[in-house]
Structure formats: C-alpha cells, structure tokens
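The next block holds one structure in the form of structure tokens; read it before the comments.
Please treat every number below as a calculation from the coordinates, not as lab data. Note that the structure is a prediction, hence the values are computed from the model and not measured. FYI the Cβ positions are ideal-geometry reconstructions off the backbone, even for glycines, and counts take in every protein chain you see.
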Amino acid sequence: MTKPFLSIEGLTKRFSAKGKAEDLVVFDDVFLNIEQGEFVCIIGHSGCGKSTILNILAGLDEPTSGGVIMDGKEIAGPSLDRGVVFQNYSLLPWLSALQNVIFGVKARWPNWTKGKVEEHSRKYLEMVGLGASMHRKPAQLSGGMRQRVSIARAFATQPKLLLLDEPFGALDALTRGVIQDELIKIWSESHQTVFMITHDVDEAILLADRILLMTNGPNARVAESVKVSLPRPRERAQIIEHPGYYKIRNHLVNFLVKRSGELAGTKNSDRQHPENIDPLAESPEPVPADPPARAKSDRPLRSVS
Ligand SMILES: Nc1ncnc2c1ncn2[C@@H]1O[C@H](COP(=O)(O)OP(=O)(O)O)[C@@H](O)[C@H]1O
Ligand SMILES: [Mg+2]
C-alpha cells in the first residue's frame, strides 16, 4: 500500500492545567490520512482543538505525543512547503500589501528576478480584488482586506499544503463568495492539498472532498470523515438544488447539534481512524432532520465503507 501524502499518527495534545492535578487533554491519539490534492475541511465546536491541529501541521506547535509525516518526511518546524492563513491575518505592519506578498514570494523563489517576483505577487493581489490597494499598509486596510492580503500571500507561494484557519470569517458574504471561487480555481489547477477549518457547513460542502467532524473537547477526537460526493464543478446556486445536498447538510448539522456532544469523551470504535461516511451512498429513504438518539449498534443513518 502506498503511503498517503499526509499522515497524522497518534497525535495528542495536553496542557498542564494550573492548580489541577490532571492535565487538560485537548485531543488524544488522532489518526488521519490525507491524499495529495485532497480538499479537506474540519468542523467542530470552539475549543475542540482544530487550530491546535492546524498549527502542528504548520510546524508552529508541537504535539505532546505522536507526529505528522508529509511526503515521507516528519514535520519538524515551519517550511515553505506549507502555507498558512490564520484566523487573525498576520501581516508585517511596516510593509505595504504588495511588499507583504513579495516577502513570501522572494523567500519561496530566491532566484527569481525582482520583476518576476513583483509580477507574480501583483497577480495574486489582483485575484483577491486588491489591485487598487496594493500600496497601502495593513493599518490603512479594513479587516477583510487584510485577510485578503494574507490569502494572496499564502496562495502566491504555491505551497504543497495550504492550511487555512477559518480564513473567510472576517469577510462579507459577497467577498467570501468571490474568494471561495478563486480558492477552488487555484486548487483545481495546482493540485495543492488543502486543510481548512471552517464553522460554515455550506462553505464546507461547496469546497471539500471530505469533511472531518470533531467531537467536543476536552479529549476531543475526529469521529467522522464525511465524503462530499457532489459533482464538480460546484456552483453555489446550483448545488443547493442537488438532491444530495440536504442529506449531507443534515448529517453535518445533526453532528454539530447532537452527536458532537453525545460522543464527547468516547473512543473511536476503530481506535485509529474516524468512521468513513458517505451520506449519498445510504438508503434512499429520506433522512429525518432530527433523528432520535440511537444505540451505537443501531445506526441506519451511517454507512461504514
Ligand atoms: N497555551 C495553552 N495553554 C492551555 N490551554 C490551551 C493553550 N492553547 C490552547 N489551549 C486550549 O486548547 C483547546 C483547543 O484550542 P484550539 O485549538 O484553539 O481550539 P479550536 O480552534 O477548535 O477552537 C482549548 O480548550 C484551549 O483553551
Ligand atoms: Mg480555532
């Protein structure tokens, strides 16, 4: 069997809790595989450890135990192979938007001429709609515009793995739609692998091949890996008409409303990996929007593949 592009193996994060005998176990023994070119979203309630996982993938945080292998090499520290967009845009305040992007591009391709670096950087700023504001410094940009600069910077360096921590949260709905479309365009042309945290189930269905669902913390885990087998290209106005759309959406919402809490603190039945679920491969009977809680052995809403 060939090794997956990204393999998360037994990842555990604990913090020693002040004044308490026991550590805070954020998540414990998380195993996940991500294939090259996959677009994966992760959803879970606040505090379950999504950003911690993403920061470990970025090499900016260390697990208490376990590790991550990318492309056959263990992740140890940050690398230009992994680009990050944080929830709170992180730009160098003394540089203009363009210089911020150039900074990343120069580091990535040190042998490029000045002209080529600038042309490439401008292209990505134009792509996120900042062509007219690229000489402004972060303090002269709105929150949404700053976030677009960090998105442009991450995209421009064309990392093998793009790590996005709720990147569109600060954007208005219209801009978010435009940037989501750009992200999909870049991703489908570049074969980059994307790992993205979002709290928006509709955004996840529009973008992802697979949606990982985390239970509530502490002792959180990735309980389910939900396949989004809606055909691509997906148009936001059209996919909501697809008969499978609400099956997937109901499954996700039901997890967030009920199962994320019910399953909190429990273990995966296969200790190592989340349960694989394809809501569209299930029986054609309509899925009730709010099914009664069922015993673990009696779960017709899930298919294990
Ligand atoms: N430095 C730290 N010390 C103690 N607890 C922390 C620290 N950093 C994060 N945590 C805790 O880890 C948990 C997961 O945080 P985080 O990964 O930011 O969650 P999410 O992104 O899912 O909202 C939270 O309960 C948070 O309070
Ligand atoms: Mg977070």
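Observations
- Reciprocal of mean inverse Cα separation for segment 89-158 (Kirkwood radius, Å): 11.5
- q = 0.14, 0.16 Å⁻¹, segment 149-237: log10 I(q)/I(0) [Debye, one scatterer per Cα]: -0.53, -0.70
- Convex hull (Cα only) mean projected area of the chain, reported in nm² to one decimal: 17.9
- Working from label points 7 Å from Cα in the Cα-to-Cβ sense, the Val257 to Ala107 distance is 4.4 nm.
- Each peptide in 161-171, 129-139 gets a packing score, the mean of other Cβ atoms within 10 Å over its residues, and the list from highest to lowest is 161-171, 129-139.
- On the beta carbon distance between Asn276 and Trp94, with R0 = 41 Å, the FRET formula returns roughly 0.30.
- Helix 97-108 and the long axis of the chain differ in direction by around 80°, with both axes built from C-alpha atoms.
- Straight Cα distances below 19 angstrom link Lys73 to the lysines Lys3, Lys160, with same-chain residues fewer than 8 positions distant left out.
- Rg over Rh, two decimals, segment 201-279 (C-alpha only, Kirkwood Rh): 1.01
- The peptide list 198-204, 146-152, 75-81, put in order of mean Cβ contacts within 10 Å with the highest first, becomes 146-152, 198-204, 75-81.
- Greater than 32 Å apart at Cα, pairs in Lys50/Lys114; Lys185/Lys267; Lys13/Lys258; Lys106/Lys227; Lys20/Lys258: Lys50/Lys114; Lys185/Lys267; Lys106/Lys227
- Rounded FRET efficiency, nearest 0.05, which uses the C-beta distance separating Ala21 from Leu174 and R0 of 35 Å: 0.10
- Averaging the Cα positions of each part gives two centres, and for segment 229-268 and segment 125-146 these lie 34 Å apart.
- Potential lengthening between His199 and His242 on full extension [0.36 nm per residue; Cα-Cα distance subtracted]: 13.3 nm
- In sequence order, segment 60-66 has phi-based couplings of 9, 9, 10, x, 6, 8, x Hz under the Karplus curve 6.51 cos²θ - 1.76 cosθ + 1.60, θ = phi - 60°, and Gly or Pro positions carry x.
- Legend: calculated FRET efficiency, Ser190 to Ala76, from the Cβ-Cβ distance at R0 = 25 Å, rounded to 0.05, equals 0.50.
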